[in-house]
Amino acid sequence: MSDSLVKIEQKDHFYILTINRPHALNALNQEVFNEFEEFFTKYSGDYSIKGVVITGEGQKSFVAGADIKEFSSLDAQGGSLLSKRGQDILFMIERFHAPVVAAVNGFALGGGCELAMACHIRVAGTHAKFGQPEVNLGLVPGYGGSQRLIQLIGKGKATEMLLTADMIHADEALRLGLVTHVVESGMEVDKALEILGKIATKGPLAIHQCIQLINAYFDKTTDGFVKEYTDFGLTIGSEDSKEGATAFVEKRKPIFQAK
Ligand code: DAK
């Protein structure tokens, strides 16, 4: 995939996806979305994959938003359709069976902040900046930003960010809980892989169920507590859970098979 706009690199059981449009600060165009859709469709449910990192090419930007040049001529219907398609692809990331970590190496604006927020975990470099500047363009967020920003940092600060379009620095993003780690610039992917490495030692079915339970909290049609006791039954009936308990008793590391 040498001409692709998303570079895909495999490292052990992990994939690193690098959005490769540095001349446009890695702005998300439809081709980038197509390539994300292809990847997350192809590997959905493949438990040999233990995690994915998403980052941007270069030192300056993770993703500086949706590609402004691409959406300027859209009418209301075209805009809604494109927004829905973007949301659907970000849901694929949020619902992926294995953890997806955003390694935010610079600007994460508009669609870039939305992409990062659809990932399960966010790690930022010290120079990263986050913002939802859509109102500068007379727009609202189109890829779930108005909802996920409130979920992550609460209504008060999310309202201020959405209405003022102000950017926040990595240290404030950490304070607000928008990211969970700030690392030296250039170390974002390494930190993401370190986190994934730790998660990769756990039961893969349980990790998948945890991701589903976290998502259930925000799903207004699901009772997360009911889902929890149902999923608890599923995991305790799994071979992995028996292996986990046996390994504990035998004082060795478990060998999980995703069964
Ligand atoms: N789209 C396209 N090109 C972009 C871009 C973007 N979002 N951001 C930057 N670029 C391009 C610039 O045009 C410039 O290209 P050339 O002029 O060199 O050809 C190149 O990247 C370098 O940018 P700058 O020269 O501006 O670099 P600076 O360091 O001076 O400034 C900046 C960096 C990040 C502060 C600045 O580039 C900037 O303000 N960028 C725009 C940020 C922004 O407003 N992003 C969009 C947020 S709104 C929708 C769904 C979702 C959305 C919209 C519609 N539908 C379904 C219809 C979401 C919208 C958003 O994401």
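Overview of values
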item	result
Filtered residues of segment 113-134 (kept if over 19 Å from ASP67 (Cβ atoms), over 10 Å from the mean Cα position of the chain (by Cα) and of a type outside the set (S, T, N, Q))	VAL123, ALA124, GLY125, HIS127, ALA128
Flag if SER80 is surrounded by fewer than 14 Cβ atoms within 10 Å (Cβ to Cβ) and either under 24 Å from ASP190 (Cβ atoms) or near the ligand (Cβ under 8 Å from one of its atoms) (or both)	yes
Residues satisfying the stated conditions in segment 15-30, i.e. outside any loop (DSSP other than H, G, I, E, B), more than 9 Å from the ligand (Cβ to nearest atom) and more than 16 Å from the chain's Cα centre (by Cα)	GLN30
Restricting segment 40-73 to residues that are in a helix (DSSP H, G or I) and under 13 Å from HIS97 (Cα atoms), the residue that is nearest to the ligand (Cβ to nearest atom)	PHE40
Residues of segment 239-253 classified as among the hydroxyl-bearing types (Ser, Thr, Tyr) and under 11 Å from GLY203 (Cα atoms), total	1
Single residue of ILE89, ILE54, ILE19 found to be in contact with a Cys (Cβ under 8 Å, 6 or more places away or on another chain) and within 18 Å of TYR143 (Cα to Cα)	ILE54
Number of positions in segment 85-125 that are out of contact with any helix residue (DSSP H, G or I) (no Cβ under 6 Å at 6 or more places or on another chain), more than 8 Å from the ligand (Cβ to nearest atom) and among the basic types (Lys, Arg)	1
Filter pass, PHE96 being under 15 Å from the mean Cα position of the chain (by Cα), at pLDDT 95 or above, surrounded by fewer than 22 Cβ atoms within 10 Å (Cβ to Cβ) and closer than 24 Å to ALA206 by Cβ	no
Selected residue (only one of ALA216, ALA170, ALA192, ALA158 is among the small types (Gly, Ala, Ser), touching a strand residue (DSSP E or B) at 6+ places or on another chain (Cβ under 8 Å) and farther than 20 Å from VAL52 by Cβ)	ALA170
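The values are calculated or read from the model by the stated rules, or taken from the named source; none is laboratory data. The structure displayed is predicted, hence computed values, not measured ones. Heads up, the Cβs are rebuilt from the backbone with ideal geometry, glycines too, and the neighbour counts pull from every protein chain shown.
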